[in-house]
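Okay, so here's the structure we're looking at.
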Amino acid sequence: MKTLLMSRMENLRHAVKNWWLPLLLGLAVFVVGILIFTYPGASYVAMSVTFAILILVSGAVNIALAVSNRNPAIGKGWLWAGGIVELLIGLLLIVHPAISAATLPVFLGFWLMFRSFGMIGSGSDLMSLKVPGGGWTVFVGILLLICSVLILAQPLLFGVEAVVIWVGVSFLVGGISMGVLAFELKNLHKHFVE
């Protein structure tokens, strides 16, 4: 029993050692949100290409997390699946920018919904491990889910200005949620280092 517990603790230590990867991704998402509000007149196609690149990078980060995760109980399969899906969507949107521009609200809504479910699941896992602040990840994931539902509810009626506003807000909330998750993983990592 003691060997099993030690083995699980060692696996968990490896799973949270790369806490800084979601932080870097969260910072990138947050900066993109600020840039969207700073330059609202920028080309809609440029925003869709930026979105495609961000999805591509997010997929690569999820795959890197899956490769470094040695504990299958911490969602390694979801990281792989999410990373592969995000890589494929990112590549599709980069190769076909016209499709990206025309379908940006729909892709954005579903991507943000997918990310929100991941945040809610990660927050629930952290709460089950009694990590202080795990509820904040769930809360911010729910906010991200609300943003995604609002975008999907009226994708064609929003217009460019409304999409820019919702995209900016969604990226800010998404960046914050990834940062919150990263710091909760960092706090969990500290327990293993000590």
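The values are calculated or read from the model by the stated rules, or taken from the named source; none is laboratory data. Note that this is a predicted model, so its numbers are computed, not measured. We place every Cβ from the backbone using ideal geometry, glycine too, and count neighbours over all the protein chains shown. Keep in mind that these areas ignore ligands, DNA and RNA; they rest on the heavy atoms of the full protein, side chains included. Shrake-Rupley method; radii C 1.70, N 1.55, O 1.52, S 1.80 Å.
Structural remarks
Per-residue answers, yes or no, for (1) closer than 13 Å to residue 58 by Cα; (2) open to solvent by 80 Å² or more (accessible area, probe 1.4 Å):
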| residue | (1), (2) |
| --- | --- |
| 88 | yes, yes |
| 101 | no, no |
| 118 | yes, no |
| 132 | no, yes |
| 147 | no, no |
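- The set of residues from region 53-72 being assigned to a helix (DSSP H, G or I), touching a residue at least 12 places away in the same chain (Cβ under 8 Å) and not polar (S, T, N, Q) comprises 53, 54, 55, 56, 57, 59, 60, 61, 63, 64, 65, 66.
- Criterion violated by residue 96 - all others in (1) more than 20 Å from residue 29 (Cα to Cα); (2) at pLDDT 85 or above satisfied: (2)
- Test: residue in region 46-63 that is modelled with pLDDT under 75, of a type outside the set (S, T, N, Q) and open to solvent by 40 Å² or more (accessible area, probe 1.4 Å): yes
- Residues of region 134-145 satisfying the condition of being among the β-branched types (Val, Ile, Thr) and surrounded by 17 or more Cβ atoms within 10 Å (Cβ to Cβ): 137, 138, 140
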